[in-house]
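So the structure is just underneath, and the comments pick up after that.
The values are calculated or read from the model by the stated rules, or taken from the named source; none is laboratory data. Everything numeric in this text was worked out from a predicted model, so none of it was measured. Reconstructed Cβ throughout: ideal geometry from the backbone, glycine too, with neighbour counts over all protein chains shown. Accessible surface is based on the protein model in full, side chains and every heavy atom, while ligands, DNA and RNA are left aside. Shrake-Rupley method; radii C 1.70, N 1.55, O 1.52, S 1.80 Å.
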Amino acid sequence: FCSTFCRWYWQKEKREPYVKFMEANYPPGFSYEDFGPLFTAEFFDPNQWADILKASGAKYVVLTSKHHEGFTLWGSKYSWNWNAVDVGPKRDLVAELATSVRNRTDLHFGLYHSLFEWFNPLFLEDATNVFKTRKFPTSKSLPELYEIVTKYQPEIIWSDGNGNAPDTYWNSTGFLAWLYNDSPVRDTVVTNDRWGVGSICTHGGFYTCSDRYNPGHLLPHKWENCMTIDRRSWGYRRSAQLDDYLTIEDLVKQLVETVSCGGNLLMNVGPTHDGRIAVVFEERLRQMGAWLKVNGEAIYGTKPWRAQNDTVTPDVWYTFSPKEGKVNAVFLNWPVSGTLELGEPQAKLGETQVELVGYKELLKWVALGEKGIVIALPQLTPKQLPCQWGWTLQLTDIN
């Protein structure tokens with residue numbers, strides 16, 4: 001089946017591997033629209049999805065309600081015969097997942113929505129007129145946005161795909177004014193920064209800046225690292241190799257780096273045409289949840305500290321828990337020496353306490369003058385370790 005960008009590669013750019021694959025495996029004259037009935041979702045179990053999402057330790061979920069090819073996962077009256085209720089599953093997938101997530105979890109439910117559509121004739125006509133005409137946003141894109149907000153009351157609107165058109169073409173400010181002032185989610189909704197040319201990384205509740213954005217330093221505005229577990233795709237790929245998937249070590253590193261620098265992590269998995277979250281994705285999500293069960297104190301409700309990562313030991317990232325007044329130092333490699341040197345914290349004799357999250361006793365430490373501290377880690381067997389893939393030290397009463 002077609003993964004996320006295959007329609008563009010196959011029909012617009014006519015990339016050879018895509019054209020050849022379609023010729024070899026589908027009947028002559030097979031069009032992209034013919035994929036509609038093949039999207040069956042017979043194994044889609046929204047309760048199971050909700051349970052996996054909950055187990056991942058996530059606090060919010062964003063479902064792609066419509067991507068750049070225009071097919072809507074709800075029965076949109078503005079997408080006649082090109083939606084999941086009229087074609088394929090014959091189910092309102094957005095409604096089903098929204099209900100399950102709300103009934104079974106405390107996750108915030110959000111929706112991704114693409115402003116433009118690659119091959120929509122109305123959009124192509126507007127583009128030919130250099131966006132002086134506005135047939136597409138007024139008859140398709142904007143009505144859909146009002147429809148999903150009114151119908152499903154998402155707490156996140158994740159807009160995407162400006163089609164190289166300005167926000168005035170999309171009337172983004174008009175829609176956002178309604179969203180924040182008059183919509184049913186006006187008091188709870190959060191939006192991103194993709195609302196027309198020039199708005200990305202400049203305007204929005206949180207910045208996304210670019211796909212897989214991970215600056216590695218603190219940003220002055222709330223941001224999100226939106227990335228994929230499959231390094232090469234936003235959708236499910238039958239041809240993916242094990243090497244294409246990020247390991248749990250990679251994912252924990254991404255999470256810790258992101259949160260240290262003031263960001264959120266939005267981790268993408270692509271479901272299958274028959275409605276499953278592939279087992280490899282489920283495992284990664286559950287592993288992340290297992291790690292967060294132990295180390296959540298270093299992630300949830302934290303703020304960036306004055307230093308984001310350590311100056312002496314690489315792969316140590318800091319966050320700050322304001323309620324408890326604790327500095328969290330997450331280290332991703334357990335040192336062979338059994339001691340960990342940190343260059344950033346300034347310890348105070350007789351006051352500073354160091355704990356390893358998930359281990360009962362306080363740790364011994366030695367101050368290194370003005371800057372730095374050496375911490376003696378407990379000698380533990382692999383089975384005694386509180387978790388794998390990364391560990392959290394909590395420091396109280398440090399300068």
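Would you confirm whether or not the range 4-14 contains a residue that is farther than 30 Å from ASN295 by Cα and of a type in the set (S, T, N, Q)? Checking the range 4-14: at least one residue is farther than 30 Å from ASN295 by Cα and of a type in the set (S, T, N, Q). I'd like to verify a number: residues in the range 316-353 that are closer than 15 Å to ILE375 by Cβ and either surrounded by fewer than 19 Cβ atoms within 10 Å (Cβ to Cβ) or not assigned by the TED database to the domain that holds LEU377 (or both), how many? Adding up the residues that qualify gives 14. Do the conditions hold for PRO27, that is, is it assigned by the TED database to the domain that holds GLY275 and either of a type in the set (A, V, I, L, M, F, W, C) or without any contact (Cβ under 8 Å) to a residue 40 or more places away in the chain (or both)? Against the criterion (assigned by the TED database to the domain that holds GLY275 and either of a type in the set (A, V, I, L, M, F, W, C) or without any contact (Cβ under 8 Å) to a residue 40 or more places away in the chain (or both)), PRO27 qualifies. Hey, among THR133, THR64, THR138, which residue is open to solvent by 50 Å² or more (accessible area, probe 1.4 Å) and farther than 26 Å from ASP34 by Cα? Just one listed residue meets the conditions, THR138. Against the numbered list (1) free of Cβ contacts under 8 Å to residues at least 60 places away in the same chain; (2) in contact with a helix residue (DSSP H, G or I) (Cβ under 9 Å, 6 or more places away or on another chain), LYS140 comes up short only at (1). When the range 143-172 is filtered for residues that are open to solvent by 20 Å² or more (accessible area, probe 1.4 Å) and part of a helix (DSSP H, G or I), the ones remaining, listed by number, are PRO143, TYR146, GLU147, THR150, LYS151, ASP167, THR168. Scanning the range 82-103 for residues that are among the charged types (D, E, K, R), within 22 Å of the chain's Cα centre (by Cα) and either open to solvent by less than 20 Å² (accessible area, probe 1.4 Å) or over 16 Å from GLY275 (Cα atoms) (or both) gives a single hit, ARG102.
Scanning the range 354-368 for residues that are assigned to a strand (DSSP E or B) and crowded, with 16+ Cβ neighbours inside 10 Å, we see that the one that is modelled with the lowest pLDDT is ALA367.
Filter the range 207-233 for residues that are surrounded by 18 or more Cβ atoms within 10 Å (Cβ to Cβ), in a loop (DSSP other than H, G, I, E, B) and of a type in the set (A, V, I, L, M, F, W, C) and give the result. Those that are surrounded by 18 or more Cβ atoms within 10 Å (Cβ to Cβ), in a loop (DSSP other than H, G, I, E, B) and of a type in the set (A, V, I, L, M, F, W, C): CYS209, ILE229.
When you look at THR313, is it of a type outside the set (A, V, I, L, M, F, W, C), in a helix (DSSP H, G or I) and without any contact (Cβ under 8 Å) to a residue 60 or more places away in the chain, yes or no?
no
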